[in-house]
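The values are calculated or read from the model by the stated rules, or taken from the named source; none is laboratory data. Bear in mind the structure is a predicted one, so any value in this text is a computation, not a measurement. Here Cβ is always computed from backbone atoms with ideal geometry, including for glycine, and neighbour counts include all displayed protein chains.
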Amino acid sequence: MSSFDRSCAARGVSGETGQSPLPRRLFVKSYGCQMNVYDAQRMTDLLAREGYAGTARVEEADLVILNTCHIREHAAEKVFSELGKLRALKAARASAGRETKIIVAGCVAQAEGAEIFRRQKAVDIVVGPQSYHRLPELLHRAGTSPEVLDTDFPAESKFDRLAAPSAHQIRKRGVSAFVTVQEGCDKFCTFCVVPYTRGAEASRPVEGIVAEVEMLAAAGVREVSLIGQNVNAYHGRTPEGATASLASLISRVAAVPSIARIRYTTSHPGDMDASLIQAHRDQARLMPFLHLPVQSGSDKILAAMNRGHTRAGYIALIAEIRGARPDIALSSDFIVGFPGENEEDFAATLDLVEKVGFANAFSFKYSPRAGTPAAELRNQIPESVKSERLARLQTLLDRQRRAFNTKMAGRTVDVLIEKPGRHAGQIAGKSPYLQAVQIEGSLDRIGEIVRAEIVSAGANSLFGRLLPDWAAREAPR
Ligand code: SAM
Ligand code: SF4
């Protein structure tokens, strides 16, 4: 059992003195991917042990953490603009005799390091994504010295040093939870900062993950999303000293009794092995949804991106996956305007989208990132061309998403109820295909998988009618 599992739950009591000081307030703002959502939760749990209670109001926070994303330029710039506002807040609180510490965590912290102190003097601590388990120690140092920096890739595993959330905290976060199983990336796509900010690929051992899922399940979690920058490259150690694939990890997680649904993200096409494809056929708890970024439909651009897969390879892979699970809903990431992309390359991307058919997708204009090979390329594409191509691609993807949703009308689906719905008397959840579903129903159904008939489909949600309980009990989950 790892110390993550053994460590005490968040308790708001000073670990050193055992006394209960007035709770200090913590405000965390997280940007970017699911990995950052998970990291923000872990930092909150760790600091709860140090006596910090969460607040949703930044004005009352004694400690503010910006958990940052560096993937595209505007993501980093947003952080600096937020820091400007926080400096004013810190000064206002100081004149009222209240101290505020500001921490920059996440990938901007890793990439910019001490430069952050230069650009914004109000920052007290800069901590990278691999060293946030040291936050208590860093806060202690920040009591006496300014500008505490930790962007190491330490040898010790942070997962062994993190704190478990309380059952109350888990329930507050909802019935669907993220669990990081893998971090970092060795692929070095030429546009991407992840291998530099998150480091080399590393997988958590199987037992620590299963113990974390059991703890979540005991507090009422019904769905886990196994996450990693390159999650299907997972190769964690088993207790016997063997190496487990993502497919075998999924079957271990599926054996945790009340976990009804499993998802995983984000995958690379090059790591979609046969066992994972089979899991989509054989493992009933693995949901029929796959986010598999392709980035471009042009072989020339895929090669310049160093993606390690071709257009034909991707299309063949999708055919194989659909052979195993015909109803699977597909999602992807696209980058338009990569250096050297001409109209023909872009047309190949549109064509790939037409051929594959996506239920959902994320699409971005290429954003040059300092330190990545693509940023040095001379044939950069003008912003106006990128914007125009993005609009065309998004029109097509939007049409496909709407068509996928519209096709659901009249079908019966299982819905995991997650929270109150948009309007009084409504409850909201997710279909197996990750669509938001709104249903008339009572809040005591939260955490249940109910059967619903889809009545209509809006732009972002499906609307369903609850079927009688006997149908839910007999439905396959
Ligand atoms: N590991 C995943 C994969 O293999 O595609 C992607 C992880 S990355 C955090 C998420 C997405 O951000 C990428 O799929 C890509 O579409 C987008 N992205 C990354 N770097 C980018 C850049 N420099 N400009 C625009 N989009 C970028
Ligand atoms: Fe970035 Fe994904 Fe490529 Fe890794 S595989 S370098 S995370 S885009």
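List of remarks:
- Some residue of the range 182-193 being aliphatic (A, V, I, L, M) and within 16 Å of ligand 1 (Cβ to nearest atom): yes
- Options Val221, Val210, Val256: the member that is under 18 Å from the mean Cα position of the chain (by Cα) and over 29 Å from Phe188 (Cβ atoms): Val221
- Any hit, the range 166-178, residues being at pLDDT 95 or above, within 16 Å of ligand 1 (Cβ to nearest atom) and within 30 Å of Ile427 (Cβ to Cβ): yes
- Options Arg325, Arg392: the member that is more than 16 Å from ligand 1 (Cβ to nearest atom), within 30 Å of Ala76 (Cβ to Cβ) and touching a residue at least 12 places away in the same chain (Cβ under 8 Å): Arg392
- Of all the residues in the range 106-123, those that are in contact with a Lys or Arg (Cβ under 8 Å, 6 or more places away or on another chain), closer than 20 Å to Ser30 by Cα and in a loop (DSSP other than H, G, I, E, B) number 2.
- Taken over the range 189-207, the residue count meeting the criterion of being more than 19 Å from the chain's Cα centre (by Cα) and either under 30 Å from Ala304 (Cβ atoms) or of a type outside the set (D, E, K, R) (or both) is 5.
- Answer from Gly313, Gly308 - the residue that is surrounded by fewer than 19 Cβ atoms within 10 Å (Cβ to Cβ), near ligand 1 (Cβ under 10 Å from one of its atoms) and closer than 23 Å to Asn232 by Cβ: Gly308
- Pairing residues of the range 333-350 that are without any contact (Cβ under 8 Å) to a residue 60 or more places away in the chain with residues that are more than 16 Å from ligand 2 (Cβ to nearest atom) and aromatic (Phe, Trp, Tyr), at Cβ distances under 7 Å and at least 6 apart in sequence or on separate chains, gives Val336/Phe346.
- Asp282 vs. criteria within 14 Å of ligand 1 (Cβ to nearest atom), acidic (Asp, Glu) and modelled with pLDDT of 95 or more: no
- Single condition Asp333 does not satisfy, out of (1) more than 24 Å from Glu201 (Cβ to Cβ); (2) within 16 Å of ligand 1 (Cβ to nearest atom): (1)
- In the range 63-105, of all residues being in contact with a Ser or Thr (Cβ under 6 Å, 6 or more places away or on another chain) and farther than 30 Å from Thr190 by Cα, the one that is surrounded by the most Cβ atoms within 10 Å (Cβ to Cβ) corresponds to Lys90.
Residues are listed down the side, and each one gets a yes or a no for (1) surrounded by fewer than 17 Cβ atoms within 10 Å (Cβ to Cβ); (2) of a type in the set (Gly, Ala, Ser):
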residue: Ala122; (1), (2): no, yes
residue: Gln130; (1), (2): no, no
residue: His133; (1), (2): no, no
residue: Val148; (1), (2): no, no
residue: Asp152; (1), (2): yes, no
residue: Phe178; (1), (2): no, no
residue: Asp186; (1), (2): yes, no
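- None of Val413, Val450 is surrounded by 12 or more Cβ atoms within 10 Å (Cβ to Cβ), farther than 30 Å from Val336 by Cβ and in contact with a helix residue (DSSP H, G or I) (Cβ under 8 Å, 6 or more places away or on another chain) except Val450.
Here's the yes/no breakdown for (1) part of a helix (DSSP H, G or I); (2) more than 16 Å from ligand 2 (Cβ to nearest atom):
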{"site": "Pro136", "(1), (2)": "yes, yes"}
{"site": "Pro146", "(1), (2)": "no, yes"}
{"site": "Ala163", "(1), (2)": "no, yes"}
{"site": "Ala177", "(1), (2)": "no, yes"}
{"site": "Cys189", "(1), (2)": "no, no"}
{"site": "Val213", "(1), (2)": "yes, yes"}
{"site": "Gly220", "(1), (2)": "no, yes"}
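- Ile259 being of a type in the set (A, V, I, L, M, F, W, C), more than 13 Å from ligand 1 (Cβ to nearest atom) and either part of a loop (DSSP other than H, G, I, E, B) or in contact (Cβ under 8 Å) with a residue 40 or more places away in the chain (or both): yes
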